[in-house]
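The values are calculated or read from the model by the stated rules, or taken from the named source; none is laboratory data. This structure is a prediction, so every number in the text was calculated from the model and none was measured. Note that each Cβ is placed from the backbone with ideal geometry, even for glycine, and that neighbours are counted across all protein chains shown.
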């Protein structure tokens, strides 16, 4: 079976302004690098469907969905947050990003794909149950995790969030949901200035200082996350795959490189092989230096695909 690669043309139309780092060029950079690395033809390419309202209601309040839908502008931009705005195509892109994450679950659970990477935007892990923030509107990975539980009957799923920013939205959504383990590494103190004080049996937050490089990151991941994942025995695993911790990405101050993302992917794949029949869905989050993003995603996908 091939790794599924899921995206949608609408995700290239969401644009918050030429100055904004969360740009359509991010997906083009990934596509270019997959071709350059000769990976493109070894993936199963799928078009993301539009998320259904009931899928979104598992993780977002109805009033919030109504607010986002009503805010969609006919022209120009409408800001839901100082750095999170909608153009006329944003709503459709957000629906397809969430729908692509749910589709990935279905494909992997039905044995139609070995695993999946969802190359959609806008990203999602800062979107809380009732608030858009941090470039995020719908929480795509949360939609996927909830879909695995509700549509496929899984009892334990785990999300590994290696974006350089804390996945505060995912934590907000699953704070009281013990069937979901969230493991999040992030720079601290740093936007969104949350997560460092969380105490929970099923939320494992690992705040790390600016300047963290691969050796320190791997040690923290090995000692603080991997044992908790193994003890939880997840039946499916998810990546909130943010690549903004790369040393070339000036949005933050981590010092990770492609080899570190390969290592993270391998470690989680080992957990998935032991407990989850290898089932993994990876959902794109951050990563704003285009060259570093493209190379890192290609390395991540090459590892998922076993190439």
### Query
Can you tell which of 143, 164, 157, 180 is buried (at least 22 other Cβ atoms within 10 Å of the Cβ), without any contact (Cβ under 8 Å) to a residue 40 or more places away in the chain and under 25 Å from residue 96 (Cα atoms)?
180
## Note on the structure
Residue hits (the range 187-230; touching a residue at least 40 places away in the same chain (Cβ under 8 Å), surrounded by 20 or more Cβ atoms within 10 Å (Cβ to Cβ) and closer than 24 Å to residue 274 by Cα) are 217, 221, 225, 229
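Restricting to the range 243-283, and then to whatever is in a loop (DSSP other than H, G, I, E, B) and over 25 Å from residue 121 (Cα atoms), can you tell me which residue is farthest from the chain's Cα centre (by Cα)? Walk me through how you get there before you give the answer.
From the range 243-283, those in a loop (DSSP other than H, G, I, E, B) are 243-245, 247-254, 257, 276-279; that's our starting set.
Subsequent filtering for residues that are over 25 Å from residue 121 (Cα atoms) retains 276-278.
Values: 276: 19, 277: 21, 278: 18 Å.
Residue satisfying both the conditions and the ranking: 277.
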### Message
Being in contact with a helix residue (DSSP H, G or I) (Cβ under 9 Å, 6 or more places away or on another chain) and surrounded by fewer than 23 Cβ atoms within 10 Å (Cβ to Cβ) is the filter here; which residues of the range 273-287 pass it?
### Response
274, 275, 278
### Query
Only one residue in 166, 147, 96 is under 24 Å from residue 25 (Cβ atoms) and under 17 Å from the mean Cα position of the chain (by Cα). Which one?
96
### Query
Among (1) in a loop (DSSP other than H, G, I, E, B); (2) closer than 16 Å to residue 135 by Cα, where does residue 111 come up short?
(2)
### Summary
Filtering strands (runs of 3 or more DSSP E) wholly in the range 1-100 for at least 2 residues that are surrounded by fewer than 19 Cβ atoms within 10 Å (Cβ to Cβ) and modelled with pLDDT of 95 or more gives 43-47, 78-81
### Query
residue 164 versus (1) farther than 27 Å from residue 212 by Cα; (2) outside any helix (DSSP H, G or I): which is the lone unmet condition?
(1)
#### Entry: Matching residues in the range 231-242 - criterion: being in a loop (DSSP other than H, G, I, E, B) and buried (at least 16 other Cβ atoms within 10 Å of the Cβ)
234, 235, 242
